[in-house]
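The values are calculated or read from the model by the stated rules, or taken from the named source; none is laboratory data. Computed from a predicted structure; not experimentally measured. Neighbour counts are summed over all protein chains in view; Cβ atoms, including those assigned to glycine, are modelled from backbone coordinates with ideal geometry.
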């Protein structure tokens, strides 16, 4: 059984009753960063000591019960859905993401008994510090031959202050962590990422970058921030802010797939700082918003085409998409598309599916046996 709960105030007893079930195996939860003082990770583990509990901080959440700007959402999976669970939490991702990822991989392989895993049976979910280099962490996971399975998830968020994000696994909660849970599933599942942004003609090349710092210094040989401001019709780089960035993203196009590279800010010296690194020589497209609600409906239809009977979902939605939904006054309309399912989700600082994405909706859908 898949059970979900949502609370807009810290009512942990009520939340626990909503997600409680016999033979509970896994609890996934997302919470407002200010709830750290209540230690939700410890409350969940006390209530369900036999379960693996994994979660992160959020910038607002989604659920069957509706949206929440502040609060906590949770989902539980039982023995009918999950046969085995393996989890790890590693810290130090800001200073050395490669080392942290390799340590997590090593522990997971050991817990799995170095078995060969079938990606049709095993599902990996990853939650990572939203202020770390998620692209480095995901590269290590995706290239690891000994873990041939999908890793889907999101980067933990705060209230857009970009100061502290939290990741938890069982009794531990870290402001500098990487949490991974691998589940051997007894039900079918499907995952994908969805972008509603439409690429315009590309005539931009990132000509000078500092990839490790996620900074593009020059586009087409000109200072990046001023080039970008002129491109979108602004007179000054002083007019650039997160609302502008959300409407005027840049991205990389490969075939029919768009990989958004969301902008984070303007650096001293006139560079553009991104939420994901861009390599020198990369061709960039200006991305204009399409219909975000139609895109969400298509996501659900896509899942229904692959799973004949849906019974739940977990959504990882970019925080910039939430800003867009708020401006369009369509936050509830987005949630309503999925509310017939037991589901939860959160707005994150990056979405994970084989690599680190921006400004996308990444989702896991669960079917029935």
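The listed residues are 54, 93, 73, and the only one of them that is crowded, with 22+ Cβ neighbours inside 10 Å, in a loop (DSSP other than H, G, I, E, B) and assigned by TED's automatic domain parsing to the domain that holds residue 363 turns out to be 93.
I'm trying to understand the selection: among the residues of the stretch 226-265, which are assigned to a strand (DSSP E or B) and out of contact with any strand residue (DSSP E or B) (no Cβ under 7 Å at 6 or more places or on another chain)? Across the stretch 226-265, the qualifying residues are 254, 257. Of all residues in the stretch 212-225 being surrounded by fewer than 17 Cβ atoms within 10 Å (Cβ to Cβ) and outside any strand (DSSP E or B), which is modelled with the lowest pLDDT? Among those that are surrounded by fewer than 17 Cβ atoms within 10 Å (Cβ to Cβ) and outside any strand (DSSP E or B), it is 212. Restricting attention to the stretch 345-369, the residues that are buried (at least 24 other Cβ atoms within 10 Å of the Cβ), farther than 24 Å from residue 262 by Cα and out of contact with any helix residue (DSSP H, G or I) (no Cβ under 7 Å at 6 or more places or on another chain) total 1.
Scanning the stretch 67-118 for residues that are at positive phi and in contact (Cβ under 8 Å) with a residue 60 or more places away in the chain, we see that the one that is nearest to the chain's Cα centre (by Cα) is 71. For the stretch 6-14, the criterion of a residue being within 19 Å of residue 363 (Cβ to Cβ), touching a helix residue (DSSP H, G or I) at 6+ places or on another chain (Cβ under 9 Å) and either crowded, with 20+ Cβ neighbours inside 10 Å or assigned by TED's automatic domain parsing to the domain that holds residue 168 (or both) is satisfied by at least one position. Test residue 36 against the criterion of being in the same structural domain as residue 82 (by TED's automatic domain parsing), surrounded by fewer than 16 Cβ atoms within 10 Å (Cβ to Cβ) and in contact with a strand residue (DSSP E or B) (Cβ under 9 Å, 6 or more places away or on another chain), and give yes or no. So residue 36 does not fit the description; no. Take the conditions (1) closer than 22 Å to residue 348 by Cβ; (2) surrounded by fewer than 16 Cβ atoms within 10 Å (Cβ to Cβ); residue 256 misses just one of them, which is (1). Residue 229 satisfies every condition listed in (1) within 28 Å of residue 329 (Cβ to Cβ); (2) within 21 Å of the chain's Cα centre (by Cα); (3) surrounded by 16 or more Cβ atoms within 10 Å (Cβ to Cβ); (4) not assigned by TED's automatic domain parsing to the domain that holds residue 363 except (2).
Once the stretch 103-138 is narrowed to residues that are in contact with a helix residue (DSSP H, G or I) (Cβ under 6 Å, 6 or more places away or on another chain) and assigned to a helix (DSSP H, G or I), the residue that is farthest from residue 53 (Cα to Cα) is 136.
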